[in-house]
Amino acid sequence: MDWKVRTANMNDEAQVLEAIRLFVEELRGKHDIPLPENAKNVFRRIINSVIPGTVLVAETEDNEIIGCATVSIQEVIYKGGAYALLQELWVQPSYRSLLVGNSLISAVENYCRDSTIKRLEVCLPDKSFHAFDSTYNFYQRNRFIDNGPYMAKKIE
């Protein structure tokens, strides 16, 4: 099973959006969850550099996307500048023991270096997530340091 990691392009839109949809389904433990209508536009804005960030994909020799990572760039006063936030990281279950996720993390780190960004963060799923422990351990193995929980509020 050979695969490579590269920056996504417009031709990857359908496969990346499906990967993100599967990521959301897995996190929520529910099936048939549609992405918001605007998801396609967000993907296009990242790919076209309208908003800062990147989408990286892991693909097989047959051009099947087996994993993806999305990164946004945040500017924060108290940190004195920009940092990267790993928004989504998903690998097809049958490829999870083959270091695809590690390769995506490595590619994200290279993107950060190329962008002179010195900090990469990720928000973990809720501890009730069925695979929380393996997710937590994955990030620890990739040298992420536990920084505590975060909170969110929906603005209507």
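Brief remarks on what is shown
- Subset of the stretch 82-120 (residues that are among the small types (Gly, Ala, Ser) and under 16 Å from residue 141 (Cα atoms)): 97, 101, 103, 106, 107
- Matching residues in the stretch 7-43 - criterion: being of a type in the set (Lys, Arg) and under 16 Å from residue 87 (Cα atoms): 21, 28, 40
- Candidates 53, 101 - the one that is of a type in the set (Gly, Ala, Ser) and at positive phi: 53
- The stretch 11-29 residues that are within 18 Å of residue 45 (Cα to Cα) and modelled with pLDDT of 95 or more, paired with ones that are of a type in the set (Asp, Glu) and buried (at least 16 other Cβ atoms within 10 Å of the Cβ) (beta carbon under 8 Å, 6 or more apart): 20/88
- Taking the criterion of being aliphatic (A, V, I, L, M), exposed (fewer than 15 other Cβ atoms within 10 Å of the Cβ) and out of contact with any helix residue (DSSP H, G or I) (no Cβ under 6 Å at 6 or more places or on another chain), the residues of the stretch 50-109 that qualify are 50, 76, 77, 99.
- For the stretch 112-156, a tally of residues being among the polar types (S, T, N, Q), surrounded by 13 or more Cβ atoms within 10 Å (Cβ to Cβ) and closer than 20 Å to residue 26 by Cα returns 1.
- When 60, 135 are screened for being of a type in the set (S, T, N, Q), out of contact with any Gly (no Cβ under 9 Å at 6 or more places or on another chain) and under 24 Å from residue 43 (Cα atoms), only 60 passes.
The values are calculated or read from the model by the stated rules, or taken from the named source; none is laboratory data. From a predicted model like this one, the values you see are computed outputs, not experimental measurements. We place every Cβ from the backbone using ideal geometry, glycine too, and count neighbours over all the protein chains shown.
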